[in-house]
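Visitor: Shown below is the structure under consideration.
The values are calculated or read from the model by the stated rules, or taken from the named source; none is laboratory data. Source: prediction; values computed, not measured. Positions of Cβ are backbone-derived with ideal geometry, glycine not excepted, and every protein chain shown enters the neighbour counts.
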């Protein structure tokens, strides 16, 4: 149920687009078919060449859409921060356009609305085989945990109740607009990658928990932005170094960059 223009929706769904209008269109179709609360969809377009295509998609679909057309690719975090600024709901759903098969349980929104211990709630993120996706959540990222992840197989646990974790992927999560605004949104020094890990760390510093609610499930098809491998690797390396420098100083940031170059793995 999309919100009428003058009604305040229960949920604001924020999507940042870079490339792949077909992927975005399918995501909007999934939202329309699966979300049963009043909502609005806010799209941040980071690819000026797709302006006409996105306008065509949003005008041919039923619903409440707002689009911010950025003059260039300003990055994942900055684009979401801009969308959050115009969101009309008190609850935000940060959503990647490459999310499929949305199974949204209304209880997850209620958990965010109650705003007690849970600062952020994510659905169970599944891969295309229907299994919990690797690297969709984890413990707080530290130098020690990162080194351990180089030699250990990542956990892919399917939880049965709301489970507290250190971080969740930015592919899909719910957060109150007040909390998102209070902590300053995404750190805009992250162009791409690690902005979700950093956001979760700052939320936990406010004594809130990060949770996964298995009643809601979404399938994530990663890597549909169609950016080059070299470009993604460069963004990852920059964000990786900045994250560890931010929390552990320049020396540790340099060491962790060296470790990453050796292992070529998160």
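Visitor: Which of the residues belonging to the stretch 26-47 are assigned to a helix (DSSP H, G or I) and under 20 Å from residue 10 (Cβ atoms)?
Guide: Matches in the stretch 26-47: 27, 28, 30, 31, 32, 33, 34.
Visitor: If you check residue 119 against the conditions, is it surrounded by fewer than 17 Cβ atoms within 10 Å (Cβ to Cβ) and either within 16 Å of the chain's Cα centre (by Cα) or part of a loop (DSSP other than H, G, I, E, B) (or both)?
Guide: No; evaluated as a whole, the condition is false for this residue.
Visitor: With respect to the numbered conditions (1) modelled with pLDDT of 95 or more; (2) within 24 Å of residue 222 (Cα to Cα); (3) more than 16 Å from the chain's Cα centre (by Cα), which one is the sole condition not fulfilled by residue 32?
Guide: (1)
This table checks each residue for (1) touching a helix residue (DSSP H, G or I) at 6+ places or on another chain (Cβ under 7 Å); (2) under 20 Å from residue 196 (Cα atoms); (3) surrounded by fewer than 16 Cβ atoms within 10 Å (Cβ to Cβ); (4) at pLDDT below 95.
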site	(1), (2), (3), (4)
20	no, no, no, yes
39	no, no, no, no
43	yes, yes, no, no
46	yes, yes, no, no
51	no, no, yes, no
60	no, no, yes, yes
78	no, yes, no, no
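Visitor: Can you tell me which residue is nearest to residue 213 (Cα to Cα) among those in the stretch 80-108 that are at pLDDT below 95 and in a helix (DSSP H, G or I)?
Guide: Residue satisfying both the conditions and the ranking: 108.
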